[in-house]
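*Asks:* Below: one structure in structure tokens.
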Amino acid sequence: MVSLAGSQIPSPSPGQSPCAAAAGPQRRPGRSMRTIRSALLQPDSAPGSPAPRDGHGGDDDSGDSDIENLTDSVIDFHLSELAATAGPAHPAAVAKSSSAINAAATELLDLSQDFSEYSSFNSDISGELERLAMAAAGAAPRSDAPDAAAVDLNDLESMDLSPDTAPLERVEPFVLACVQALGTDAAPDARRAAAARIRLLAKHRSDIRELIGVSGAIPALVPLLRSTDPVAQENAVTALLNLSLEERNRSAITAAGAIKPLVYALRTGTAAAKQNAACALLSLSGIEENRATIGACGAIPPLVALLSAGSTRGKKDALTTLYRLCSARRNKERAVNAGAIVPLVHLIGERGSGTCEKAMVVLGSLAGIAEGREAVVEAGGIPALVEAIEDGPAKEKEFAVVALLQLCSESPNNRALLVREGAIPPLVALSQSGSARAKHKAETLLGYLREQRQGVGCRAGSVAATSLPR
């Protein structure tokens with residue numbers, strides 16, 4: 001089998017829940033940063049949450065099939081179990097260098113070789129993802145920071161948040177005031193405004209995102225994801241998206257039980273909330289164990305819905321997130337069952353929108369399972385891909401031949417269909433004039449068709465035997 005997608009995640013270990021973590025250890029809103037730093041410096045402080053793994057597992061997804069049978073109550077119970085193991089950042093992690101922080105942030109963009117070579121993840125509404133490489137600007141906040149009660153949150157609207165004019169010791173009281181305003185006893189208007197200000201503060205700087213992450217804002221934002229106020233919900237979604245760009249915040253967001261509420265916002269929010277919820281889930285899927293969790297919590301169907309009904313930006317967000325999630329075999333099955341193939345085939349025909357290439361990559365990933373290959377054929381995927389090889393630009397041709405190779409490598413019937421669609425002449429041309437990768441893939445696919453002619457496959461391949469190159 002030709003592998004197009006990234007590797008699959010391993011099955012959950014015994015005793016580990018496949019669904020996301022529940023509300024983790026929370027600090028009461030309004031507690032001073034001095035108290036947090038004091039606790040972090042205790043010699044027997046608990047280690048922080050495990051860092052996300054960059055490694056890739058195999059295609060084995062055993063044990064994942066039981067996820068679908070979990071009720072919400074069982075899921076929530078296991079989420080609570082995981083929360084017990086996720087604590088505040090370890091002091092050693094706090095001392096991490098700014099260069100390492102920036103490298104972790106930019107990892108979000110490296111979805112795979114296929115995506116990173118030809119497209120970028122640039123879909124955040126409020127511009128959060130355009131500043132991933134900004135350097136962290138200093139050390140931990142000072143213990144003599146002003147009291148939160150002494151600041152006026154309205155000053156944030158006109159404040160210059162650049163590192164030179166807004167060092168952390170100046171920003172800290174505003175963060176604490178926002179956390180206080182997010183408390184459950186605060187008025188709805190105050191909570192909505194506080195979420196908007198956290199969203200603003202977390203937009204530009206890595207060090208501010210880190211400060212907000214240890215301030216207690218994350219668990220205070222999570223309940224707003226289910227708010228009936230669409231503005232409050234959108235602000236909370238985008239604030240968590242911005243915070244998730246800081247690697248160490250992802251574990252805290254997961255431990256706070258944010259995955260299921262983010263899926264809820266993906267289903268019910270405004271267009272902007274849906275797009276940013278998809279981006280936030282993509283960011284959290286950087287923790288490999290979260291990929292099965294996100295699928296089990298119901299994210300796949302609303303992502304598929306974005307492929308059909310979303311804006312161009314929403315479609316790009318959904319494609320990118322689906323690609324990452326479908327590194328898990330069980331999520332491939334969920335995507336096929338949710339009807340992802342038909343809109344993916346349609347998107348292949350939307351030339352020049354930036355969705356065509358990504359749709360091909362996701363389609364090729366879903367063709368890695370038998371039910372995916374069958375669905376692609378039924379939806380007319382082979383003719384659409386052949387047309388892209390004939391008429392598309394170089395990048396589309398390369399993605400199309402990779403998807404066709406995935407469809408035909410283990411299916412003599414699909415090889416015969418490919419021959420009947422007249423794919424041999426454009427494949428020969430691509431093998432001679434395409435990029436090095438495209439040439440290699442085209443030659444490999446032509447080799448399968450040559451085997452078809454020689455009888456290693458179904459008899460339908462003999463129809464075009466005389467036209468095959470030697």
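A short reminder: the numbers here are calculations on the coordinates, not readings from a lab. Values in this document were obtained by computation on a predicted structure and should not be read as measured data. Note that we place each Cβ from the backbone using ideal geometry, even for glycine, and neighbour counts take in every protein chain shown.
*Asks:* Grab the other residues whose beta carbon is less than 12 angstrom from that of Gly434, score K and R as +1, D and E as -1, and report the net.
*Replies:* After counting each charged neighbour, the total is +2.
*Asks:* Give me the net charge for the shell around Glu387: Cβ to Cβ below 12 angstrom, other residues only, Lys and Arg +1, Asp and Glu -1.
*Replies:* Net local charge, Glu387 excluded: -2.
*Asks:* Here's something else I'd like to know. Using the basic label-point model (7 angstrom from Cα toward the beta carbon), what is the Gln432 to Glu451 distance in nanometres?
*Replies:* 2.5 nm
*Asks:* Which log10 I(q)/I(0) values, to two decimals, does region 339-459 give at q = 0.15, 0.20 Å⁻¹ under the Debye formula with one point per Cα?
*Replies:* For region 339-459, the Cα-only Debye profile gives -0.58, -1.05.
*Asks:* Measuring from label point to label point, each 7 Å out along Cα→Cβ, what is the Thr228 to Arg420 span in nm?
*Replies:* Label at Thr228, label at Arg420, 5.6 nm between them.
*Asks:* Taking the Cβ-Cβ separation of Glu350 and Ala186 as r and a Förster radius of 35 Å, what is the calculated FRET efficiency to the nearest 0.05?
*Replies:* According to the calculation, E is roughly 0.20.
*Asks:* Normalised by the number of residues in region 339-459, what is the relative contact order in percent for Cα pairs under 8 Å and 6+ residues apart?
*Replies:* It comes to 22 percent, rounded to a whole number.
*Asks:* List the pairs from Lys203/Lys315; Lys203/Lys441; Lys332/Lys441; Lys260/Lys315 whose alpha-carbon separation is above 31 Å, in the order I gave them.
*Replies:* Lys203/Lys441
*Asks:* Under 11 Å from the Cβ of Leu303, count the other residues' Cβ atoms, weight Lys and Arg +1, Asp and Glu -1, and hand me the total.
*Replies:* Result for the neighbourhood of Leu303: +4.
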